[in-house]
Every structure is written in structure tokens, then in C-alpha cells.
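S.K.: Mind having a look at this structure? Questions to follow.
The values are calculated or read from the model by the stated rules, or taken from the named source; none is laboratory data. No experiment lies behind these values; they were computed from the predicted model shown. Don't worry about glycine lacking a Cβ; one is built from the backbone with ideal geometry, like all the others, and counts go over all protein chains shown.
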Protein chains: 2
Amino acid sequence: MLAEIITIGDEILIGQIVDTNSAWMAHELNNIGISIKQISSVSDDREHILTALEEASKRADIILITGGLGPTKDDITKKTIADYFGVKLVENKEALSNVQEIFKRYNRPLLEVNRLQAQVPENCEVILNKNGTAPGMLFNEHGKIYISMPGVPHEMMYMMEDEVIPKLKSSLKLPVIIHKTILTVGEGESFLADRIADIEDSLPAYIKLAYLPKLGQVRLRLSGYGETEEALKREVNEFAQKIIERVANVVAAEEDIPIEKAILNYMAEKDLTLSVAESCTGGYISHLITQHPGSSKVFFGGAVSYSYELKERILGVKNETLTKFGAVSEETATEMVEGALHNFKSDYALAVTGIAGPDGGTIDKPVGTVWIAVASVNKTVVKKLTFGNKRKQNIERTAIAALNMLNTLLHDSGK
Amino acid sequence: MLAEIITIGDEILIGQIVDTNSAWMAHELNNIGISIKQISSVSDDREHILTALEEASKRADIILITGGLGPTKDDITKKTIADYFGVKLVENKEALSNVQEIFKRYNRPLLEVNRLQAQVPENCEVILNKNGTAPGMLFNEHGKIYISMPGVPHEMMYMMEDEVIPKLKSSLKLPVIIHKTILTVGEGESFLADRIADIEDSLPAYIKLAYLPKLGQVRLRLSGYGETEEALKREVNEFAQKIIERVANVVAAEEDIPIEKAILNYMAEKDLTLSVAESCTGGYISHLITQHPGSSKVFFGGAVSYSYELKERILGVKNETLTKFGAVSEETATEMVEGALHNFKSDYALAVTGIAGPDGGTIDKPVGTVWIAVASVNKTVVKKLTFGNKRKQNIERTAIAALNMLNTLLHDSGK
């Protein structure tokens, strides 16, 4: 089953925003056996949208459209789709009561432009928008399905998850696709490939293996395509098990979760607690951890200690350590992690200090120099890493490296 | 002058990577007066690429193509472009010596597949790739310019900056495009539109206004298209000034920057310092702030106080406050922000405590209940907000709301 995605909005075409919606949608659709033939970003222009709809409907069975559903003048998607089908716009009761409810909740008066948001082409099935005023719309015309959704990412995402995906699954005969993902850390793609070459060669044609590398981690994804779910699942799992046994020393998770979630799961199961002391990552590690529901069971919190003052006051780093060795040093990282462990009374702690850049480097400590420490009550491990001069990348790489070190310490301690 | 971007590669269509190249290219091209008509992501498939090239050349004068230039079998862009023009591939001396040089630099033997990378369609002008082995290619055929570049972001970027942009600027008569963006916070899109309706109506046809809403913020973007830069800039700025005056109470920045960057700029200029105490946002506010270079000039850091223990220990929240009113309360938020201000010795502080969800809510305090406090040495402002039950969204909305409150306090204090 083929689909196309059309994103509408000048802001994409002038490069003001990166279109992250399409990749997310493509990923979700692939999971249920729908392949994306093309993604097109077009302008808020009637003729252009009409042409894009026509071209897409020649190539695909499902056309997903995002953007241009707001209440302002530059949002013309709805009217254009009505023209495309040669139908009128009519007020939809359900959509109107949703708009009214939202305005009531925020105690705002309902303007005429907002009421207009409840108008939809008369041939559409309304998809409720729980997170905004613009309704989604589903059209089933000439054997093709058209779905129009808002471009605001979280509105589109919940609409996809709650309404669109279930609708597509129930109304179409989709092939069975089974994905099984293994998260590995600390081993390069080509080395992994080498270690499991014989297993990969033995895969039947309907099971594919993909290597998805990112920041010192590689996800191995097995995808099986077939007809009968149970048999396929069993077979995919058997191959996954073989791979897991072979590269057991670098496996961080046997499912498609990020490293911090694997850590949270493990620690929650063992009733262990964690605190952190972040300097150069500036709260990013805490954010990665706390974005997951239930993280408060494991995570006490910690310090974002950008200044000397905070390193001393919250973490108990000695002033002489900072002045003698500097904030970015093995000694400071060690005192930070031990300070977190002691002051915050957690079973494990993690600390990072470094120069994220782009400025602040010296000859001895160039931008990208990072010290990472992880500790349990029994053991402290400290490591120096050197990255490049891109601030954002340095923050992300440091966070992942620190989590990898913590994961290793946890599993070593557990043995 | 109109351009189109075609990105080639299955990894985009299965949602494995987000296409960040297109937004970057679009932004650069807009700056020199080239508008992007459409961005299309297509598969590594000959027929599909040929169709995309044909469709794009009907709409635009310049067609930029990225991806599919690697040495492996699935990279078919070069051969397909040669077919599109009906020409042969020939070895290019310059491209070959570039490949040889790169392999020499890394002490690697030159394989036959690598030598093939120096082959290009005979009608092209080679664009040197200083960062990789695949040459870029420029075609000038039937009054249209086609440019093919690698999909690896940094290879494409250097090629664009060093070669493509200068070539386009010198060989084409380009119009002038001026963008001006205003960041507003705390007022909905439709209310803003209502307040500035007469200004919007008075815009000439060559100046357009777009509303870009996101999480309680709306960016207003004016785009002017013309011939003379100075006059157009003046005119766009005049309209921007009218809008800024009209909605002054919700303007957070008069340029295209996020709210936390606007705060950092303002505080740096006034030599003010900031610390934070985050509970439900779990480090996200700190991360937003510290992702910006130079943030350490303003930001001392703070506490991510998930547990009672940390709220007491680092922030000095009284145990009786926590037990009597709970962690999510006006009293706790107030003690958190005042604790941060006092303990971390910053001029301003910000604190948030809430129930991010999806669990942990009660009848009195449902999921999405958030208390935010901002404070200077002279004034503390505390506010309760109620969001929905999506954790990620609650974290983001709380962060933006807190930054908005801080921004208001800063500007009120500055008066």
C-alpha cells in the first residue's frame, strides 16, 4: 500500500522550520505496512496545492496532508481541498462543539474566525482534534483516501495515533510487518556487521536487517514482512535472540527504546536510585531522563552547576580543586559525582563537566574536552572524551556517552 | 526566480532521518532572492527520479538535487541524470584527482568503485567537493539550471556556500527578499490577527504576513519581495514597527529567535544573572537556556529537584511546607524560587513544580496542574496553570509559560 505526504506551508519553503512531521509520519506508517512514495512540501497557494493533490493521487492510494488549517488568511488548505472535490464547506456540529469547548476552557470569547474553523468540506469525515481547534478531515473518493491534518506537530501526532492509524488499520488490508529492535552501545556499525555476518546471511528474503547508527549507539532493526502474525513474530524473535546472544556485551536494550529508558527500566526493577550533576550538558541529561513517565521512581534530580559557586555550594566541590585543576578536570568531575552521590543520597550518580563551545577553549583544553564520571557507593569511574567544536553536538554526545558509562557500571555492578 | 529541491533517498521516506538539508538550503536561497516553489523527497528509483526532474523543471528555473551520489549500488542519481539529458558518463580529471587526494590523505587504497565516483555526465560543470569523494554537478540546459549535490549535510553545505551560491548570484538577475520576524507570547493567533487586521489589510501585494504559532507563542513574519533592497527593507520595517507598537504588550523579540534567547540577550546586556529550580520540567528549561552559546554569562545553573529531599536540601523548601501543602502548591513554588534566588545568589530566579503525568494526579490536583514562580530580589510572582495529560507537552508548555513569565517580570522591572 503506497502513501504520499504533502506538507503545506511557506514556512517550510523559506527554511524557517524543518519539516519533522514527515519523518515521524513516514515512520508510523511504515510500522503498519504502508510505504511512502513521495513527500512534497508545497506553498500556501491554491493552484500549487491542487496540482500536488493531483500528482500524488496518481502515484499513491493514501494522501496525507498537513498544514494550512489555521484560522488566518494564509491558511487555505480546507477551501482548496473542497474545490479539489468540487464540494461546499459546511459547518460541522462536532467540530464546532470542540472549538467552543476549547475556548470555554481557556475563558476566551469565540470569534467569528474561530467559528469558521468548524467548517469542513461536506464530503469529509471529521477527525476530532483534542489538542486544537482545527479539525482533521478524512475523504474517501475514487478509491483513494485523503487525510488532512494540522501542521502543529503535537496536534498531528495525537490525531495520527488516536484516530488515523487505527482507522487505516481497520479499513485496509495491510500486510503484517513485525519489527524487533536491539539497542547496542559502544561498538561501530561495521564491527557489529562483521560479528553477526553469518546470522545476517542466513535471514530469509522476507526478513530484513537494518543498522541505524547514532551518536555511539547502533540500533539493529529486524523487519519481517508476511501474512500470518504469529509465525512471523516467532521467526523474527528467533533471529533477534541469536543476534542478542552473539553481541551480548554491547546490548543495552532488547526493544526500541533509548538508552536512558533502558537504564530507568533496569534501575526501577532493582529499586535503585539516581542523581546527576551536569555542567556542560546544562540539564540535557536530566531532561532525557525525566521525559519518561515514571522516571521519578528512580530519579531524585540533581544540579545544573554552570558556575563555580553552584559546584561548590550544591555539590561540595572544593574551591581549591576548581582553582588548581579547573572546572573541566578529572578532579572536579570526581568531586562532582561523589558530591551528588553523598548530598543527594542516591545509589548511583553521574557527573559531566566540559567545554561545549563554540568559545571557551584553551590550548590544553580545547572546545569539545569533556570529563565524565559515574559512581555507585562502591566504585567511581572517570573518563575524558574529546569531541568537536559544535555546541549542540557536544551536548548530545556527552549525554549519550555519560548514559553509556552509567549503563556499563550498572551492569558490571549487577554481576 | 523560482527553485525546487529534490532530495533522493529511501532513508527519508521510511522516516529514518529527518530531512534537515532542505530547510537549510531553502533558507540560504531565500537570502539571495530565490524562492523555493516545492521540496520533493523521492525514492532511489530511476523512473521516480526522472518524473520528479520533469515535474520540477516545469515549475522552476533552478532545480537542486541532493543525495544518491555515493559509491554503492543504491546510489543511482548520477546515471539517472545522464539519462535525463540523454548523455554519457565520462571521467573528469579534476574530480578524479580530488578522489585520489582524499584516499591518499587517509592512507586508503583506491578501489574501482571509488574511481567511478569521478565519472560525471558529459554535459556538466563539475563542482568540487572539498569534504568528500562525490563531485557536485551543475547543468545549464534549455534555460534551466540543475545542480546535483551529495546528501551528506556538511558536504552539501560547504558546496552551497563556497560554490553554488556565488555562482547563482553572479550569473542570475535576482530579486530582493526581506524577512522580518516578531516573536509574541501569550496571545492566540486569531486574537493577534484581530488586533492587527487593519495593518494586515493595508499591506501592499508584495509584502506578506504569516502567523507561525507554537506552544503559546506566535511568530509574525513579514516577507517583502522587490527590486531595491534599501527601500524594501525600510518599508517592511515600517510595517513591522506598526505591528510591534500595536501588540507591544505581547512582543518578546523583534527578531527570529526563541524566547529563552531573547531573555539571555536582554539579561546579558543588563548584566543580570539567572538561576532555576525545576521540578516537573526536569531540566528542560536549563537545557533550553544552555543550548545557546554564551549562556554561561547569565545562567548560574540550578536544581532539578524531583524528590522532596532535594527540594529541601538544595532549595531550602521547608519540610512542613511540603507535608502541609504538597510539592505542587503555591507555597512550595514560592519557597523554591526564593530558595534558588537566595542560595544561588542570582538576580532573578524561576521555579516550576507540577504534575507532568501521565500518572500522579489527584482530584484536587489533576495531571497537568503546574505552579510557576518567578522572582527578582524585589518581587515574586506565582501563577497556577492547568494543562492536559500529555507528559511531553506539559513539560514543553510549562517551560515556555515559565520563560514568558520571567520575560514579563524582567521587562516590568526594567520600566
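S.K.: How many residues does the stretch A:31-59 hold that are among the β-branched types (Val, Ile, Thr) and either without any contact (Cβ under 8 Å) to a residue 12 or more places away in the chain or outside the structural domain of residue A:148 (by TED's automatic domain parsing) (or both)?
M.R.: Number of matching residues: 1.
S.K.: For the stretch A:246-260: of the residues being in a helix (DSSP H, G or I) and touching a helix residue (DSSP H, G or I) at 6+ places or on another chain (Cβ under 9 Å), which is surrounded by the most Cβ atoms within 10 Å (Cβ to Cβ)?
M.R.: Of everything passing the filter in the stretch A:246-260, A:260 is surrounded by the most Cβ atoms within 10 Å (Cβ to Cβ).
S.K.: Could you go through the stretch A:161-168 and let me know if any residue there is touching a helix residue (DSSP H, G or I) at 6+ places or on another chain (Cβ under 9 Å) and basic (Lys, Arg).
M.R.: Taking every residue of the stretch A:161-168 in turn, none turns out to be touching a helix residue (DSSP H, G or I) at 6+ places or on another chain (Cβ under 9 Å) and basic (Lys, Arg).
S.K.: Name, by its number, the condition in (1) out of contact with any helix residue (DSSP H, G or I) (no Cβ under 9 Å at 6 or more places or on another chain); (2) in contact (Cβ under 8 Å) with a residue 12 or more places away in the chain; (3) not basic (Lys, Arg) that does not hold for residue A:362.
M.R.: Failing condition for residue A:362: (2).
S.K.: Condition test on residue A:4, is it in contact with a strand residue (DSSP E or B) (Cβ under 8 Å, 6 or more places away or on another chain), under 30 Å from residue B:32 (Cα atoms) and surrounded by 18 or more Cβ atoms within 10 Å (Cβ to Cβ)?
M.R.: No, not satisfied.
S.K.: Would you pick out the residues in the stretch B:370-402 that are among the hydroxyl-bearing types (Ser, Thr, Tyr), within 12 Å of residue B:355 (Cβ to Cβ) and part of a strand (DSSP E or B)?
M.R.: B:386
S.K.: All but one of (1) out of contact with any strand residue (DSSP E or B) (no Cβ under 8 Å at 6 or more places or on another chain); (2) over 30 Å from residue A:73 (Cβ atoms); (3) away from chain A (no Cβ under 11 Å) hold for residue B:267; state the number of the condition that does not hold.
M.R.: All conditions are met except number (1).
S.K.: Any residue in the stretch B:158-166 that is within 14 Å of another protein chain (Cβ to nearest Cβ), closer than 30 Å to residue B:123 by Cα and β-branched (Val, Ile, Thr)?
M.R.: yes
S.K.: While we're here: Search the stretch A:296-308 for residues being over 18 Å from residue A:341 (Cα atoms) and touching a Phe, Trp or Tyr at 6+ places or on another chain (Cβ under 9 Å), and hand back the single one that is surrounded by the most Cβ atoms within 10 Å (Cβ to Cβ).
M.R.: A:306
S.K.: If the requirement is being buried (at least 17 other Cβ atoms within 10 Å of the Cβ), away from every other protein chain (no Cβ under 12 Å), under 23 Å from the mean Cα position of the chain (by Cα) and among the aliphatic types (A, V, I, L, M), which of these qualifies: A:178, A:145?
M.R.: After ruling out the rest, the residue left standing is A:178.
S.K.: When you scan the stretch A:275-315, how many residues do you find that are in a helix (DSSP H, G or I), of a type in the set (A, V, I, L, M) and either within 21 Å of residue B:398 (Cα to Cα) or facing chain B (nearest Cβ under 7 Å) (or both)?
M.R.: So the count comes out to 5.
S.K.: Also: Can you find, within the stretch A:56-70, the residue that is nearest to residue A:226 (Cα to Cα) among those that are buried (at least 21 other Cβ atoms within 10 Å of the Cβ) and more than 25 Å from the chain's Cα centre (by Cα)?
M.R.: Among those residues, the one meeting the criterion is A:60.
S.K.: Starting from residues that are in contact with a Gly (Cβ under 8 Å, 6 or more places away or on another chain) and outside any loop (DSSP other than H, G, I, E, B), keep the ones in the stretch A:316-337 and report whichever is farthest from residue A:272 (Cα to Cα).
M.R.: A:332
S.K.: In the stretch B:1-52, which residue that is of a type in the set (S, T, N, Q) and closer than 16 Å to residue A:59 by Cβ is farthest from the other protein chains (Cβ to nearest Cβ)?
M.R.: Step by step, filter the stretch B:1-52, then rank; the result is B:51.
S.K.: Any idea which of (1) within 30 Å of residue A:390 (Cβ to Cβ); (2) in contact (Cβ under 8 Å) with a residue 60 or more places away in the chain; (3) in contact with a strand residue (DSSP E or B) (Cβ under 9 Å, 6 or more places away or on another chain) is the one residue A:134 doesn't satisfy?
M.R.: Here residue A:134 meets the rest and fails (1).
S.K.: Further question: If a residue has to be modelled with pLDDT under 95 and among the β-branched types (Val, Ile, Thr) to count, how many in the stretch B:278-317 make the cut?
M.R.: 1
S.K.: Would you point out which residue out of B:192, B:212 is facing chain A (nearest Cβ under 10 Å) and in a helix (DSSP H, G or I)?
M.R.: Matching residue, one of B:192, B:212: B:192.
S.K.: Same structure again: Scan (1) in contact with a Phe, Trp or Tyr (Cβ under 6 Å, 6 or more places away or on another chain); (2) more than 14 Å from every other protein chain (Cβ to nearest Cβ); (3) not acidic (Asp, Glu) for the single condition residue B:397 breaks and write down its number.
M.R.: (2)
S.K.: What's the number of the condition residue A:28 fails, among (1) in contact (Cβ under 8 Å) with a residue 12 or more places away in the chain; (2) at negative phi; (3) buried (at least 22 other Cβ atoms within 10 Å of the Cβ)?
M.R.: Of (1) in contact (Cβ under 8 Å) with a residue 12 or more places away in the chain; (2) at negative phi; (3) buried (at least 22 other Cβ atoms within 10 Å of the Cβ), only one is false for residue A:28: (3).
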